[in-house]
1. Taking Cα pairs under 8 Å and at least six residues apart, what relative contact order does the range B:45-108 come out at, in percent?
2. Take the solvent-accessible surface of the protein heavy atoms, probe 1.4 Å, and return the percent of it on the protein assembly as shown that carbon and sulfur atoms account for.
3. Where does each of A:24-34, A:76-86, A:6-16 land if you order them by average Cβ count within 10 Å, highest first?
4. Checking the cross-link filter: which lysines have an alpha carbon closer than 26 Å to that of residue A:57, excluding same-chain neighbours under 8 positions apart?
5. Can you tell me the relative contact order of the range A:32-110? Whole percent, Cα pairs under 8 Å, sequence separation 6 or more.
6. Looking at the range B:73-108, which residues lose a minimum of 40 Å² of accessible area between their chain alone and all protein chains in place, measuring with a 1.4 Å probe and not counting ligands or nucleic acids?
7. What's the total accessible area buried between chains B and A, using a 1.4 Å probe, rounded to the nearest 100 Å²?
8. Per residue of A:29-41, count partner chain C-beta atoms within 10 Å of its C-beta, then hand back the mean as an integer.
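The values are calculated or read from the model by the stated rules, or taken from the named source; none is laboratory data. Just so you know, these numbers come straight off a predicted model, no measurement behind them. Cβ placement follows ideal geometry from the backbone for every residue including glycine, while neighbour counts extend to all protein chains displayed. Side chains included, ligands, DNA and RNA excluded: accessible areas come from the protein's heavy atoms. Shrake-Rupley method; radii C 1.70, N 1.55, O 1.52, S 1.80 Å.
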Amino acid sequence: EAQVTQNPRYLITVTGKKLTVTCSQNMNHEYMSWYRQDPGLGLRQIYYSMNVEVTDKGDVPEGYKVSRKEKRNFPLILESPSPNQTSLYFCATWEGAEQYFGPGTRLTVT
Amino acid sequence: KNEVEQSPQNLTAQEGEFITINCSYSVGISALHWLQQHPGGGIVSLFMLSSGKKKHGRLIATINIQEKHSSLHITASHPRDSAVYICAAPYTGNQFYFGTGTSLTVIP
């Protein structure tokens, strides 16, 4: 079964405490992406990757880092989270006509 | 200014009604995606289309690339169609702009 997994699904943390949200796919897709979703603003792209070791900024990359050391994994790193990064985060892959989204990670930064 | 605009933002319909959701975009694209976000938050891909029309069950999507406009139609709507529908425009081939979504509620 085609799948994108994210962990954790829910996270409450404090300002400044580094965290990583993992994303893994089992479809061997080259393209992976991170989005955040906020009320009234919709989905916005944070970073994307066209292949291993190839990453590019999306619309809202500030405060985030990513890495793509292997094809199946694309972790999102918040080095020093701030309250304005409280959001719902989605990882996704894209190949052909379909995008495949992970289940989402709800992050709260206090 | 939002590169992708959807209308309406909210829509309530009676079961069985024909529904139309519109998406207009200002960026130059070769295709457009329609997504469905379930009340639980999960997102699934419905269509990607670059011209004309596509149909999947009771869902029909149309696009006019020259007019930069796409529509999603739902025939014989059902309460299980209640969800947020999002259009997404890939530009530069790799980046995406998204509409803010249309929240649809279908009442039995």
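1. The value is 23 percent.
2. Reported share for carbon and sulfur atoms: 50 percent.
3. Order by mean packing, descending: A:24-34, A:76-86, A:6-16.
4. A:17, A:18, A:65, A:69, A:71, B:1, B:68
5. Relative CO of the range A:32-110 lands at 27 percent.
6. With the partner chains in place, the range B:73-108 has these residues losing at least 40 Å²: B:94, B:95, B:96, B:98, B:100.
7. In total, this chain pair buries about 1600 Å².
8. 2
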